[in-house]
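Only one structure is covered here, and it is reproduced in the block below.
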Amino acid sequence: MSGPLLSVRNLSIGFPGGDGVAVRAVNGIGFDLRAGEALAIVGESGSGKTLLGKTLLGLLPDSARITGGSILYAGRELLSSTPAQWRAVRGTEIGMVFQEPMVSLNPAFRIGDQLAEALMLRRGLTRDEAW
Ligand SMILES: Nc1ncnc2c1ncn2[C@@H]1O[C@H](COP(=O)(O)OP(=O)(O)OP(=O)(O)O)[C@@H](O)[C@H]1O
Ligand SMILES: [Mg+2]
C-alpha cells in the first residue's frame, strides 16, 4: 500500500494580537488521507475547520500565523511553497467548496460559467470543453 496523499501533522494556527494576547485557533490537528479516501472533520462553529481548509490552499489571511506543524502533500512540504507553487496546487490538486454562496459566488454570473472558468484557467480547456 502506498503512503498517504495528504499528511497533516501537529498543525497549529494562531492570530497574534496586540499586548501579546494571541488567539490560538487550531491546536495541533493531525490526520492522514490516502488517495480515494474521504474524511469528515466535524466541529462546532469557530473550531477552525475553515482555517484548516484555507491553510491547505495557502489562503490564510495575512493576520494569521502557522505556529507549528507540517503538511505533506504527495511527499512535499506544502508550507514551504512559493506563491507560484501554491498557484500550481490550488484549484488543480487541492480545491475547496466554500460554505457561503453569497460570498463565494458572483450572483451576476451563471453558476455554470463560474465552474467552467476554473476548468478553463486550470486545465486550459475551451469554454465548450469546460461545459
Ligand atoms: N481573521 C481572523 N482574525 C482573528 N481570529 C480569527 C480570524 N479568522 C478566524 N479567527 C478565529 O479562528 C477561529 C476558527 O475560525 P473558522 O472560521 O476556521 O471556524 P469554523 O470551524 O470554520 O466555523 P464555522 O463552522 O462557523 O464555519 C474562530 O473562532 C476565530 O477565533
Ligand atoms: Mg467555516
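Overview of values
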| quantity | calculated |
| --- | --- |
| Flag for ALA116 being among the small types (Gly, Ala, Ser), at pLDDT 90 or above and out of contact with any Phe, Trp or Tyr (no Cβ under 9 Å at 6 or more places or on another chain) | no |
| Whichever residue in segment 7-23 is under 13 Å from LEU52 (Cα atoms) and in contact with a Gly (Cβ under 6 Å, 6 or more places away or on another chain) and, among such residues, is surrounded by the fewest Cβ atoms within 10 Å (Cβ to Cβ) | ASN10 |
| Matching option when the condition is within 17 Å of the chain's Cα centre (by Cα) and more than 21 Å from GLY14 (Cα to Cα), among VAL89, VAL42 | VAL89 |
| Filtered residue count, segment 25-50, keeping only those that are charged (D, E, K, R), assigned to a loop (DSSP other than H, G, I, E, B) and surrounded by 10 or more Cβ atoms within 10 Å (Cβ to Cβ) | 2 |
| The one condition in (1) closer than 30 Å to SER2 by Cβ; (2) of a type in the set (S, T, N, Q); (3) more than 16 Å from ligand 2 (Cβ to nearest atom); (4) surrounded by 11 or more Cβ atoms within 10 Å (Cβ to Cβ) that SER80 fails to fulfil | (4) |
| ALA116, sole failed condition from (1) small (Gly, Ala, Ser); (2) away from ligand 2 (no atom under 16 Å from the Cβ); (3) assigned to a strand (DSSP E or B) | (3) |
| Flag if ARG87 is of a type in the set (D, E, K, R) and either outside any helix (DSSP H, G or I) or closer than 13 Å to LEU56 by Cα (or both) | yes |
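The values are calculated or read from the model by the stated rules, or taken from the named source; none is laboratory data. Not measured: the values here are computed from a predicted model. FYI the Cβ positions are ideal-geometry reconstructions off the backbone, even for glycines, and counts take in every protein chain you see.
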